[in-house]
Amino acid sequence: MRICIYGAGAMGVSFGALLQQTMSVPIDFVTRNVLRVKALNERGAELISGNTKVVVPVRAILPEQMSGTYDIVFLATKQRGNTQTAQFLKQYLADDGALVTLQNGFPEPELADIIEENRVYGCTLSWGAEAADTGKTLITSDAGFYVGLGAYGKGSRLVEIGALLSPAFKLTVGNLYEMRFAKLAINSSFSTLSTISGLPFGVIAKKYRKYAVGLIREAFAVARAYGCQKLPLNGHNLFRVLTFGGGILLSKAMKRYRDTRSGMLKDLASGRRCDIDFISGVIVRCGEKKAIQTPLTARAVELVHDIENGLAEIAPETISLI
């Protein structure tokens, strides 16, 4: 079996390294970053969590060095160029090959416009990671390595892909919409507030909990409109966590992510546009389709765009503008 991780950022590298540890064949890590290719090949994938470091030997290549076809391609790039990325990857997928997106939001429909929908799968990753320097990845949460897997179409290879992932991760296989909206609820609240404020999730849970809860409740309303009966994340049903525990229980759960900051902050710091339209923007657009109002989420998206355009600052005080 040939496997490829396309996109060797923090999440792609951490996912791929953990998977590689359980594989008897090498996985190709593909990135356009020449320095990262060199570092990964020379030093391996270095995963650092607190005082613990794990080094996993890996094989990294540039996109132009890809050849042949892959049985499974795990997609871990930014979403802004998904159409072009899918068109490029299509030639490297075997006739029955599967494209499994590790991206946040709900990227499957766009990918299915290029790759036949029955070959598209979604995978949610529930840990925090940051690229420390070339080849090194910091794990910024201690909640464990939970993965949710679902099929966008018929999913004829769902069981096979699940069996591949289960030795490496705490795996849940189920309804793709439920797993997507579970992750979206957290990303549209904590990741978005982190992007606006520059703060880690732990501080947001403690000092700005009412804003996080308000955003999560809007995501819940949209999820219910799409028929979600549960929102599985890290072995819990988010509907129950917030309904029975309120914001206090949510704050306790986020302690495991106390040092995690949104990956979108690095994009903004580098002067790049971030993926807010593919995260919180998804909640707004899905809400519009179901006539569900999401005013707090829509305002949060506006604020992030204001930051991109130099009309607002990344600061804790900016949260109050929601």
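Where does each of 99-112, 126-139 land if you order them by average Cβ count within 10 Å, highest first?
99-112, 126-139
I'm a student and want to see the number: the projected area of the Cα convex hull of the range 39-128, averaged over all directions, in nm².
Numbers: hull surface 28.1 nm².
Average of the hull's projected areas for the range 39-128 equals 7.0 nm².
Quick one: Cα centre-to-centre distance for the range 159-188 and the range 56-123, in angstrom?
About 17 Å separates the Cα centre of the range 159-188 from the one of the range 56-123.
Can you compute the helix-only [θ] at 222 nm over the chain? Use -39500 (n - 2.57) per DSSP H run of at least 4 residues, normalise by all residues, nearest 500 deg cm²/dmol.
Working: 13 runs with 130 residues, N = 322.
Value at 222 nm, helices only, nearest 500: -12000 deg cm²/dmol.
Could you sort the peptides 202-210, 19-27 by per-residue average Cβ neighbour count (10 Å cutoff), highest mean leading?
On the way: 202-210: 18.1, 19-27: 14.2.
Per-residue Cβ counts within 10 Å, averaged per peptide and sorted highest first, yield 202-210, 19-27.
Quick one: what do you get for the range 175-322 if you divide its Cα Rg by 2.2 N^0.38 Å?
Compared with the compact-globule rule of thumb, the range 175-322 sits at 0.97.
Any idea what the dipole of the range 212-322 comes to, in debye rounded to 20, about its Cα centre with Lys/Arg Cβ at +1 and Asp/Glu Cβ at -1?
On the way: 16 positive and 11 negative charges, 144 e Å.
About 700 debye.
What three numbers, in Å, describe the spread of the alpha carbons of the range 259-306 along their principal axes, ordered from the longest?
Each principal axis gives a Cα extent; for the range 259-306 these are 36, 24, 15 Å.
Can you tell me the dipole magnitude for the range 67-115 around its Cα centre, using point charges on the Cβ only (Lys, Arg +1; Asp, Glu -1), in Debye to the nearest 20?
Dipole magnitude for the range 67-115 comes out near 280 debye.
Rg to Rh ratio, the range 35-187, alpha-carbon atoms and Kirkwood radius?
Here the Rg-to-Rh quotient is 0.96.
May I ask for log10 I(q)/I(0) of the chain at q = 0.13 Å⁻¹, from a Debye sum over the Cα atoms as equal point scatterers with solvent left out?
-0.95
So, for the chain, what is the accessible surface per residue at a probe of 1.4 Å, expressed in square angstrom?
Numbers: 13980 Å² over 322 residues.
Normalised by residue count, the accessible surface of the chain is 43 Å².
Just how large is the dipole of the chain about the Cα centre, in debye to the nearest 20, putting +1 at every Lys and Arg Cβ and -1 at every Asp and Glu Cβ?
With only Lys, Arg, Asp and Glu charged at Cβ, the dipole is about 980 debye.
With a 1.4 Å probe and all protein chains left in place, how much of the accessible area of the range 3-76 comes from carbon and sulfur atoms, in whole percent?
Numbers: 1600 of 3080 Å².
Result for the range 3-76: 52 percent of the exposed heavy-atom area is carbon or sulfur.
Carbon-plus-sulfur fraction of the accessible area of the range 168-322, 1.4 Å probe, in percent? Intermediate results must be reported in sequence, preceding the final value.
Values: 3740 of 7180 Å².
C and S fraction of accessible area: 52 percent.
The values are calculated or read from the model by the stated rules, or taken from the named source; none is laboratory data. Since the model is a prediction, treat every value here as computed from it, not as a measurement. Cβ coordinates were reconstructed from backbone atoms using ideal geometry, including for glycine residues, and neighbour counts include every protein chain displayed. For the accessible areas, the whole protein counts, side chains as well, though only heavy atoms, and no ligand, DNA or RNA atoms are used. Shrake-Rupley method; radii C 1.70, N 1.55, O 1.52, S 1.80 Å.
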